[in-house]
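Please treat every number below as a calculation from the coordinates, not as lab data. Everything numeric in this text was worked out from a predicted model, so none of it was measured. No Cβ is skipped: glycine too gets one built from the backbone with ideal geometry, and neighbour counts run over all protein chains shown.
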Amino acid sequence: MVAFEVDESALYRGDNLAVMRALARTRSETFTLVYMDPPFLTGRVHEAISRVDRSSKVAFDDRWVDRASYLEALLPRIAAARVLLAPHGSLVVHIDPKTSHYVKVACDEIFGDDAFASEIVWRYRRWPSKTANFQRVHDVLLRYRKDPKTAPRFNQQYEPLAPSTLATWGQKQQRAVVGKEGRRLRSSSTKHASPGVPMGDVWDVGVIAPVSRERTGYPSQKPEALLERIVRSLTDEGDWVLDPFAGSGTTLAVAQRLGRHFVGIDASEVAIDTACSRLSRPVGSAIANR
Ligand SMILES: C[S@@+](CC[C@H](N)C(=O)[O-])C[C@H]1O[C@@H](n2cnc3c(N)ncnc32)[C@H](O)[C@@H]1O
């Protein structure tokens, strides 16, 4: 069922497997990016907390018989998403270190041996928990390419230069001085300003602060700064982005703000209401079509 439609972008309420299979009839190979952030096999029911009166409502149920049943549900959804990707497109699946190795092996099979592109570690800071273990302060984002033979959509992003580099070279771009045998002898600098260091695969992005205006009260809401990095790196303006586990609509809100078309799907009514409230509609357009 369509819960929101503006221009050609849409948010569907329903089971994402059924919706993706229906989309495959008309929209196969359309999407440049599929970002999916499924439930993390927490064994819990997750509640949304109202920002107005602190009341709570069930948002989604993440209880499973065992890990096998969780993977049995997730893997066909990854395969269905792959069908919708354009040849130059990427899937990014966001999971935690409890399941990432299972999902990676499965994705290698679904996408093929050469399709793996990156394992991104999203490192965040949070209130420490009492545990006789190292604090868990990262999630895993696996990126797979639809077709490794096609040049991928990839817009290079940069990180700031390290303080030691700035102290030696200032903002000037470095250049390797190479000897006759092709070996790098030393570094020198050019007169051009450096854009920074090409972005690595360990990302320090803060979680959403409890008092942030961005916080919706929806459980496991991801920060817009994280999605902005993914959307900017892997899509151009006018490209199509799909989020089949849309939740509070972070991906869709970012895609809309950055001029990308989007399709979101979620089975939860609370998710759909939250996501709709984050999406903007051109003045005078029809009310959400529910
Ligand atoms: C971890 S949350 C996504 C959070 C989202 N990335 C955000 O920033 O708000 C996972 C979402 O997947 C949805 N979901 C779980 N199983 C689903 C299914 N089979 N079909 C559609 N949505 C599903 C849940 O309702 C939940 O909103």
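Where does each of 167-176, 56-65, 95-104, 267-276 land if you order them by average Cβ count within 10 Å, highest first?
267-276, 95-104, 56-65, 167-176
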**OP:** Have a look at Leu234, Val263, Val197 and report the one farthest towards the positive end of the charge dipole of the chain, computed about the Cα centre with Cβ charges (Lys/Arg +1, Asp/Glu -1).
**Re:** Val197
**OP:** Grab every C-alpha pair in the chain, bin the distances at 10 angstrom width from 0 up to the longest one, and report whole percents.
**Re:** 6, 25, 33, 22, 10, 4, 1, 0
Original post:
Any idea what angle helix 269-278 forms with the longest principal axis of the chain, computed on alpha-carbon atoms, 0 to 90 degrees, nearest 10?
Top reply: 50
**OP:** Excluding residues on the same chain fewer than 8 positions from Lys130, give the lysines whose Cα lies under 21 Å from its Cα.
**Re:** Lys98
Original post:
So, with +1 on the Cβ of K and R and -1 on the Cβ of D and E, and no other charges, what is the size of the charge dipole of the chain about its Cα centre, to the nearest 20 debye?
Top reply: 1020
**OP:** Taking the chain as the reference, fit the longest principal axis to its C-alpha atoms, fit the long axis of helix 16-27 to the helix C-alpha atoms, and give the angle between the two in degrees, 0 to 90, nearest 10.
**Re:** 70
Original post:
Using θ = phi - 60° and the Karplus form 6.51 cos²θ - 1.76 cosθ + 1.60, what ³J(HN,Hα) does each residue of the range 37-48 get, whole Hz, x for Gly and Pro?
Top reply: 10, x, x, 9, 6, 7, x, 10, 8, 9, 10, 8
**OP:** May I ask for the angle, rounded to the nearest 10°, between helix 67-84 and the longest principal axis of the chain, with both axes built from Cα atoms and the value confined to 0 to 90°?
**Re:** 70
Original post:
Relative contact order (percent) for the chain, with alpha-carbon contacts under 8 angstrom and 6 or more residues of separation?
Top reply: 25
**OP:** Treating cross-link reach as a plain straight distance, find the lysines whose alpha-carbon is under 20 Å from the alpha-carbon of Lys172, omitting any fewer than eight places away in the same chain.
**Re:** Lys191
Original post:
Under 18 Å Cα-Cα from Lys104, which lysines qualify once same-chain neighbours fewer than 8 residues away are excluded?
Top reply: Lys146
**OP:** Please turn the phi angles of the range 223-236 into ³J(HN,Hα) values with the Karplus equation 6.51 cos²θ - 1.76 cosθ + 1.60 (θ = phi - 60°), one per residue in order, whole Hz, x for glycine and proline.
**Re:** x, 4, 4, 5, 5, 4, 4, 5, 5, 5, 5, 10, 9, 10
